[in-house]
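What follows is calculated from the coordinates using simple rules that are stated; it is not laboratory data. All figures in this text were calculated on a predicted structure; none of them were measured in a lab. Note: ideal-geometry Cβ built from the backbone for every residue, glycine included; neighbour counts use all protein chains shown.
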Amino acid sequence: MKGLTHIGSDGRAKMVDVSAKPMSVRTAIAQGKIKLQHKTLGLISKDQIAKGNVFATARLAGILAAKQTAQLIPLCHTIPLSEVKVDIVPARDGAEVTCTARTVAQTGVEMEALTGVAVALLTIYDMCKAVDKKMQITGVQLLKKTKTQRR
């Protein structure tokens, strides 16, 4: 295991200097799930949740959150996002959220993809909490990250 890049020789937290790194096309894909009762899924599909369209709102919340990652996580770099896509797929026992984030930068977009997933899931939770007391958010994880040198 490599040393912790966010810890200086004096033991203090620090932001990593990426200025010497080349610009690269970077993509990260993260995913998570929320368990919902069958009744809740029915209400969502019929657009009968009192707070509004659950998946549309969660999709937008995930995109907005990915764009705000550097303000939420202290040592994250502010990076220009080329694309953020949030997909929500209903499942038999809930919904699966996938966030893809892309940039051309000197550092990766894993945190942006993970933040997008987490906030989209939290938005679903918030919008459905009045009708579903058994919801569970699970499995938030990074699925894939890629880096391609610019030509």
Is one or more of the residues making up region 125-134 assigned to a loop (DSSP other than H, G, I, E, B), without any contact (Cβ under 8 Å) to a residue 12 or more places away in the chain and either more than 20 Å from Asp17 (Cα to Cα) or of a type in the set (Gly, Ala, Ser) (or both)?
yes
Restricted to region 121-144, and to residues that are more than 13 Å from the chain's Cα centre (by Cα) and among the basic types (Lys, Arg), which residue is surrounded by the most Cβ atoms within 10 Å (Cβ to Cβ)?
Lys129
Ala61 vs. criteria in a helix (DSSP H, G or I) and either in contact with a Leu (Cβ under 7 Å, 6 or more places away or on another chain) or basic (Lys, Arg) (or both):
no
Taking the residues in region 122-148 that are touching a Ser or Thr at 6+ places or on another chain (Cβ under 9 Å) and among the hydrophobic types (A, V, I, L, M, F, W, C) as candidates, determine which candidate is farthest from Gly42 (Cα to Cα).
Leu143
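The rows are residues; the columns are (1) surrounded by fewer than 19 Cβ atoms within 10 Å (Cβ to Cβ); (2) in contact with a strand residue (DSSP E or B) (Cβ under 8 Å, 6 or more places away or on another chain).
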residue: Gly52; (1), (2): yes, no
residue: Arg59; (1), (2): no, yes
residue: Leu64; (1), (2): yes, no
residue: Thr69; (1), (2): no, no
residue: Pro80; (1), (2): yes, yes
residue: Val84; (1), (2): no, yes
residue: Val104; (1), (2): yes, yes
Residue among Ala118, Ala95, Ala130 that alone is among the small types (Gly, Ala, Ser), out of contact with any helix residue (DSSP H, G or I) (no Cβ under 8 Å at 6 or more places or on another chain) and within 22 Å of Ala58 (Cβ to Cβ):
Ala130
